[in-house]
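Some notes on the structure that comes next.
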Amino acid sequence: MSAAKKVAEAEELVRQAEKSLKTSLLKWVPDYDSAADEYSKAATAFRIAKNFDKSKVYQLKAIECYKNNKSWFHAAKCYEQIVLLSKDTDKLLEIEEYVNKACSLYQQHGSPEAAASALDKAAKLTEQKHPEMALRFYQHAIEVIMIDDSIRQATEYSSKVSRILVKLRRYDEAAKAILKEMDLYQQTESYGQIGRLVVALVLVQLARGDSVEAEKAFKEWGSCCEPEELSTLQTLLTAFDEEDAEMASRMLATPFIRHMDVEYAILAKNIPLPEGMQLEKKSEDNAGIATNEDEDEGIC
């Protein structure tokens, strides 16, 4: 169907909606339910016709009608449609306002899962260009879903929080987020997942430049690790303890670590290596320079 036909369809739906809202001697109350549905359909038709401004206008009109009818769930759905319009028009910064309104209405309706899902979808739309915003959405989603004690869903959002914090290089917060994630997995007895997170936590602590905390994390949680995780971490921490940059570099480049979630794999590449070997080599070079200078002086 052509855009012109879709616009004509939308305009007819708008006329029907306005008619539904009119009152008369025999009709004392506006028919908000019918008007809301017609405005929502009109908004969809305008979106198909690529008239995004009008689509937003009539989604907002539909929302008002749904609210007047106390149809909180349907009003929230319309806010989610406006979120998609913000994506279509590349106005991603507007998403936060509308997804928060959708979330609030879903909660008012008693649907925390729908509220968290709306935040999850919005986070996926914004994560690439606005990771800070996506982070807030995932953090909010955890708060919402935990009201319903949905531990498994909370762990999924928690994982995304940890990884975004690592991506943003907010390592202090990332370490705390990983510990919270591990606590959630403990509640579901998912010890294999905890072992993987022990590796992530050690990497984050090393990225912070705190090998002592890395060692502490390993000692506290190492019992949850698989043999490959255990041996990799033991060798890695020994390399940092002995300031063996070459060994540390080899451990950080193992296939096991390279195949972790992409944020942790990238983190491993950027961890500052211990400087012991480099300093030793530098000292030897300086000593060599000094010896050469002494020999030169002797010749003179």
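Annotations
- Filter pass, Leu184 being farther than 21 Å from Asn270 by Cβ, among the aliphatic types (A, V, I, L, M) and free of Cβ contacts under 8 Å to residues at least 24 places away in the same chain: no
- One residue from Lys160, Lys176 being of a type in the set (Lys, Arg), assigned to a helix (DSSP H, G or I) and crowded, with 19+ Cβ neighbours inside 10 Å: Lys160
- Residue count, region 228-248 (criterion: within 29 Å of the chain's Cα centre (by Cα) and open to solvent by 50 Å² or more (accessible area, probe 1.4 Å)): 2
- Where Asp37 falls short, out of the listed (1) in contact (Cβ under 8 Å) with a residue 24 or more places away in the chain; (2) within 18 Å of His74 (Cα to Cα); (3) touching a helix residue (DSSP H, G or I) at 6+ places or on another chain (Cβ under 7 Å); (4) not aromatic (Phe, Trp, Tyr): (3)
- For the condition among the polar types (S, T, N, Q), modelled with pLDDT of 95 or more and crowded, with 17+ Cβ neighbours inside 10 Å, Gln139 qualifies.
- Within region 3-26, not a single residue is outside any helix (DSSP H, G or I), open to solvent by less than 80 Å² (accessible area, probe 1.4 Å) and among the basic types (Lys, Arg).
- Qualifying residue in region 158-165 (condition: at negative phi and more than 16 Å from the chain's Cα centre (by Cα)): no
- Scanning region 257-292 for residues that are at pLDDT 55 or above and of a type in the set (A, V, I, L, M, F, W, C) yields Ile257, Met260, Val262, Ala265, Ile266, Leu267, Ala268, Ile271, Leu273.
- Selection count, region 197-227, where residues are open to solvent by 30 Å² or more (accessible area, probe 1.4 Å), among the aliphatic types (A, V, I, L, M) and touching a residue at least 12 places away in the same chain (Cβ under 8 Å): 0
- Note on region 100-113: residues that are touching an Asp or Glu at 6+ places or on another chain (Cβ under 9 Å) and either crowded, with 23+ Cβ neighbours inside 10 Å or under 19 Å from Leu85 (Cα atoms) (or both) amount to 2.
- Subset of region 61-100 (residues that are within 16 Å of Asn51 (Cβ to Cβ), assigned to a loop (DSSP other than H, G, I, E, B) and among the basic types (Lys, Arg)): Lys91
- Evaluation of Lys61 against (1) of a type outside the set (S, T, N, Q); (2) in contact with a His (Cβ under 8 Å, 6 or more places away or on another chain); (3) open to solvent by 40 Å² or more (accessible area, probe 1.4 Å) (one fails), failing number: (2)
- Candidates in region 101-152 are the residues that are of a type outside the set (Asp, Glu) and outside any helix (DSSP H, G or I); of these, the one that is farthest from the chain's Cα centre (by Cα) is Gly110.
- For region 27-58, filtered to residues that are within 33 Å of the chain's Cα centre (by Cα) and of a type in the set (Val, Ile, Thr), the residue that is most open to solvent (accessible area, probe 1.4 Å) is Ile48.
- Cross-chain or 6+ apart pairs with Cβ under 9 Å, region 228-257 first and closer than 17 Å to Gly209 by Cβ and of a type in the set (Phe, Trp, Tyr), then part of a helix (DSSP H, G or I) and open to solvent by less than 20 Å² (accessible area, probe 1.4 Å): Phe240/Leu206; Phe240/Ala214; Phe240/Ala248
The values are calculated or read from the model by the stated rules, or taken from the named source; none is laboratory data. Note that the coordinates shown come from a computational prediction; the quantities given were computed from them, not determined experimentally. Counting neighbours? That spans all protein chains shown, and the Cβs are built from the backbone with ideal geometry, glycine included. Accessible surface areas use protein heavy atoms only, side chains included; no ligands, DNA or RNA. Shrake-Rupley method; radii C 1.70, N 1.55, O 1.52, S 1.80 Å.
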